[in-house]
Amino acid sequence: MNALTVTIRDTTTGPVLELAGDLDYDQAPRLRQALETLSLRAGQRLVMDLSRIRFCDSSGITALIVARNLATAAGAGIGLAGVPDNTLRTLRIVGLDQVFPLHPDVETARAAGPATGPSD
């Protein structure tokens, strides 16, 4: 098991959460706690950098959905950046690649603007 670390970086377009380690049943509460500390505003974009995630199970997927719901409630957008192949496969199987905008890296996600759909 690899403990999840969540680093929050404030940027001009909105917060960037850099995740590293396992996003699983034991570690997903760390992400939820970090999300509770965010103050998102309408027009901002929450970017979640998943490039250093080693494993993601259904609890991790649920935590990502919580992040999306938080952004949507605030009138902000969300983007997932650097999604590892194994996690990307899971997102595609369950259809969440149609819900989350996916980007190759953080800068591309930040430049995409505050749109909330996958087509940005």
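Please treat every number below as a calculation from the coordinates, not as lab data. Quantities reported herein were computed from a predicted structural model and do not represent experimental measurements. Here the Cβ is made from the backbone with ideal geometry for all residues, glycine too, and neighbour counts use every protein chain on show.
Computed from the alpha carbon atoms alone, the convex hull of the chain holds 83 Å³ per residue.
Against the chain, whose longest principal axis is taken from its Cα atoms, helix 58-74 shows a tilt of about 10°.
Label-to-label distance for Arg54 and Met1 is 1.3 nm, based on points extended 7 Å past Cα in the beta-carbon direction.
Between Asp26 and Ala42, the modelled labels are 4.3 nm apart [label points 7 Å from Cα along Cα→Cβ].
For the chain, what is the calculated [θ] at 222 nm in deg cm²/dmol (nearest 500), taking -39500 (n - 2.57) for each run of four or more DSSP H residues and dividing by its residue count?
Rounded to the nearest 500, the figure is -10000 deg cm²/dmol.
Counting DSSP beta bridges in the stretch 1-49, what percent are antiparallel, to the nearest 5?
Antiparallel bridges: around 70 percent, rounded to the nearest 5.
Expressed to the nearest 5 percent, the antiparallel share of DSSP beta bridges inside the stretch 5-111 is 35 percent. Once C-alpha pairs closer than 8 Å and six or more residues apart are averaged by separation and normalised to the residue number of the stretch 1-93, the relative contact order reads 30 percent.
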